[in-house]
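Chemist: This is the structure I want to talk about, given as structure tokens.
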Amino acid sequence: MPNFLEQYRYFWPRTSLQTLPNWQAMKDKHIFVRHLPESTEELTIDSRWPGFFPSPICFVTTTDGAQVGLEKVVGPSIVNRFPYVLALSFCIKEISERHHVRRAFTDMLESNGSVAIQFLPPGEELNRAMNAITTIPEEKTYVRIAHSGLSTRKALTSNAPVFGSAYMVYEASLVKPGKDFDGNPIYSQPWIDVGSHRIYFLEINAIQLRKDIAEGRSQILWRSLPAWETQSQLQEAVSVGERPIEDGNYKKGYTPHYAFPSAGTIAFEADTIENGMAVKYLPPLPQDQVEVDNDRARWPCFFPSSVGMITSWSPEGYPNLMPCGSTTIVSRHPLVITPCVSYARINERYAPRASLDIIRRTGKFGCGVPFINDVVIGAIRYAGNISLAKDCQKLPHAGLQVEVDDWAPVLPALPVHFDCQVIGEVTLGTHIMFLGEVRRIRVRPDVTPENPIEWCPWADIVPSRVS
Ligand SMILES: Cc1cc2nc3c(=O)[nH]c(=O)nc-3n(C[C@H](O)[C@H](O)[C@H](O)COP(=O)(O)O)c2cc1C
């Protein structure tokens with residue numbers, strides 16, 4: 001982790017799970033377990049996330065024409081490729097001082113329908129924006145930007161304010177009803193309420209990226225997995241066996257040390273330069289377009305995300321693992337995890353996943369939290385590029401031990417695991433968002449305040465290493 005980011009590091013857990021009443025030490029299995037949902041009383045006392053999941057943070061601005069609003073959102077996530085949709089969730093039920101209703105902001109958002117989702121480089125200006133949010137109550141969201149003292153200009157596709165110091169801006173508007181590639185209706189509503197939160201689906205209209213980054217003179221560095229070290233054996237020995245010969249040309253490379261732009265990433269194809277920013281407009285996909293090649297299907301720019309290790313049992317009893325970058329937490333109570341699984345048959349990149357049918361059938365999945373570790377990264381690369389439909393021994397071949405559990409396969413190598421019950425699904429166009437209510441969290445015993453999981457929700461901006 002670069003020194004500069006040190007002040008933004010987040011550690012979990014802060015308190016030993018052994019001393020907390022809602023966690024049980026399962027002596028036989030050497031794990032800590034917590035059952036959810038918790039009672040309202042428990043929540044009022046402590047509504048922090050009960051288990052660790054790696055989430056980026058962004059700033060969001062909007063306006064109703066008269067006033068401007070500023071919020072921060074934990075876990076913004078790109079959830080669908082065509083249309084290109086980002087999901088942001090906001091608390092709509094009073095839970096605690098930490099999780100309270102964001103009505104002033106969401107009223108503005110709903111009245112005008114547009115937002116600017118922004119990322120600031122670590123440092124003074126990011127701190128000022130954060131400070132304005134934490135010190136000024138939500139009802140006065142309209143004075144936060146002025147309080148931050150940061151300069152703003154108007155977004156290009158709406159009147160939402162954009163920070164002069166933002167290095168990347170996603171301009172988006174509430175989705176309109178449309179049709180997916182098979183002609184089925186999607187987005188009859190631009191938001192849905194899930195537990196304590198409202199999830200807004202926002203179609204991306206334009207992306208602004210600082211010119212020096214777009215030109216490759218500076219790079220965005222993003223560490224997409226948390227850092228952690230096992231204090232005991234990672235897992236029991238796994239016999240990887242012989243992997244099938246893979247067919248297909250498309251392979252999604254993966255490294256948790258992401259640098260954008262770099263040799264392995266797409267080049268940002270700007271349409272124009274405005275205010276020192278390279279700008280790409282994203283017109284909606286023509287209705288009759290049914291084929292998109294693998295390259296065009298790639299995300300046109302960097303967006304911070306992590307990975308959920310989504311596990312499930314196939315009807316034949318095989319354990320499955322689908323690494324899923326579009327996984328985020330959308331509700332605090334109940335705690336709801338949403339992996340977005342491709343269902344559209346567009347190209348090699350976007351093809352229906354075996355996990356889709358399995359999860360629909362069982363109504364259950366597991367979500368493990370990966371970390372920076374060669375075995376785990378190797379497993380993401382393998383399992384993220386081959387379907388259970390092609391390799392029924394996909395999990396052993398990925399090199400991860402599987403613990404048999406009724407709910408979903410558990411990967412003992414991973415520090416945290418969530419058991420999720422599917423309480424609904426949303427069809428988004430190319431992806432299905434599963435709404436997974438967390439029923440149980442499992443944590444390895446070597447995840448302790450002395451040996452915590454370390455995460456940084458912000459990316460860094462550095463001069464490019466390649467000239
Ligand atoms: C880092 C990474 C992130 C991925 N994220 C997603 C995702 O968000 N949604 C998705 O449908 N596929 C995603 N994939 C691809 C699936 O993991 C891959 O297609 C997998 O083989 C599907 O397995 P299945 O067919 O057995 O379900 C990702 C792959 C990698 C390597």
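Chemist: Just to confirm the filter: which trypsin sites (Lys or Arg not before Pro) across the stretch 424-467 are DSSP coil and have at most 13 other Cβ within 10 angstrom of their Cβ?
Modeler: Here the sparse-neighbourhood loop sites are ARG465.
Chemist: The stretch 64-158: which trypsin sites (Lys or Arg not before Pro) are DSSP loop and have at most 13 other beta-carbon atoms within 10 angstrom?
Modeler: Numbers: sites: LYS72, ARG81, LYS93, ARG98, ARG102, ARG103, ARG128, LYS140, ARG144, ARG153, LYS154; in loops: ARG81, LYS93, ARG98, ARG102.
Counting only loop positions with at most 13 other Cβ atoms within 10 Å, the trypsin sites (Lys or Arg not before Pro) in the stretch 64-158 are ARG98.
Chemist: Let me ask something else. Please give the FRET efficiency for THR135 paired with THR362, using the beta carbon to beta carbon distance and R0 = 41 Å, rounded to the nearest 0.05. Mind showing how you got there, number by number?
Modeler: On the way: r = 46 Å, r/R0 = 1.12.
Plugging the Cβ-Cβ distance into 1/(1 + (r/R0)^6) gives 0.35.
Chemist: Taking 7 Å along the Cα-to-C-beta vector as the label spot, tell me the ILE266-SER188 distance in nanometres, rounded to one decimal.
Modeler: Calculated label separation equals 3.2 nm.
Chemist: I've got another one for you. ASN127 to GLU215: extension gain in nm, 0.36 nm per residue of separation minus the Cα-Cα distance?
Modeler: The span from ASN127 to GLU215 would gain 29.0 nm if fully extended.
Chemist: Another question, then. Roughly how compact is the stretch 121-194, stated as its Cα Rg over 2.2 N^0.38 Å to two decimals?
Modeler: Working: Rg = 17.0 Å, N = 74, 2.2 N^0.38 = 11.3 Å.
Normalised Cα radius of gyration, the stretch 121-194: 1.50.
Chemist: On to the next question. I need to check one value: relative contact order of the stretch 39-162, counting alpha carbon pairs closer than 8 Å and at least 6 residues apart, in percent. Each step should come with its number before you reach the end.
Modeler: Working: 190 pairs, mean separation 35.0, N = 124.
Computed over the stretch 39-162, the figure is 28 percent.
Chemist: Separate question: Starting from 0.36 nm per residue, how many nanometres of slack lie between LYS154 and VAL422 once their C-alpha separation is accounted for? Each step should come with its number before you reach the end.
Modeler: Values: separation 268, 0.36 × 268 = 96.48 nm, distance 4.03 nm.
Roughly 92.4 nm would be gained on extension.
Chemist: Past 29 Å, Cα to Cα, is the threshold; run LYS72/LYS93; LYS154/LYS179; LYS29/LYS394; LYS364/LYS394 against it and keep the listed order.
Modeler: Numbers: LYS72/LYS93 17 Å; LYS154/LYS179 31 Å; LYS29/LYS394 25 Å; LYS364/LYS394 19 Å.
Distance filter (> 29 Å) returns LYS154/LYS179.
Chemist: If you don't mind, another one. Computed FRET efficiency, Cβ-Cβ of GLU274 and ARG345, R0 41 Å: what is it to the nearest 0.05? Each step should come with its number before you reach the end.
Modeler: On the way: r = 38 Å, r/R0 = 0.92.
Rounded to the nearest 0.05, the efficiency is 0.65.
Chemist: State the volume of the convex hull built on the alpha-carbon positions of the chain, expressed per residue in Å³ and rounded to an integer.
Modeler: 144 Å³
Chemist: Taking a virtual spin label 7 Å from the Cα of ARG9 along the C-beta vector, which residues in the stretch 194-229 bring their backbone nitrogen under 11 Å of it?
Modeler: 227-228
Chemist: Compute and list, largest first, the equivalent-ellipsoid semi-axes of the stretch 382-460 from the alpha carbon gyration tensor, each √(5λ) rounded to a whole angstrom.
Modeler: 24, 20, 17
Chemist: Given +1 on the Cβ of Lys and Arg, -1 on the Cβ of Asp and Glu, and no further charges, what dipole in debye does the chain carry about its Cα centre, rounded to the nearest 20?
Modeler: Details: 45 positive and 50 negative charges, 57 e Å.
Once rounded to the nearest 20, the dipole reads 280 debye.
Chemist: Here is a follow-up. Using a 7 Å offset from Cα along Cα-Cβ at LYS252, what residues in the stretch 374-406 end up with backbone N under 16 Å from the label point?
Modeler: Answer for this model: 377-390.
Chemist: Taking 0.36 nm per residue of separation and subtracting the Cα-Cα distance, what length does fully extending GLU41 through ALA237 add?
Modeler: Numbers: separation 196, 0.36 × 196 = 70.56 nm, distance 4.32 nm.
Value of the extension gain: 66.2 nm.
Chemist: Please get the size of the charge dipole for the stretch 319-457, origin at its Cα centre, with Cβ charges of +1 on Lys and Arg and -1 on Asp and Glu, quoted in debye to the nearest 20.
Modeler: Working: 14 positive and 13 negative charges, 93 e Å.
Roughly 440 debye for the stretch 319-457.
Here, each number is a calculation from the coordinates, and none is a lab measurement. These numbers were taken from a predicted model, which means no experiment stands behind them. Neighbour counts run over all protein chains shown; Cβ positions are idealised from the backbone, glycine included.
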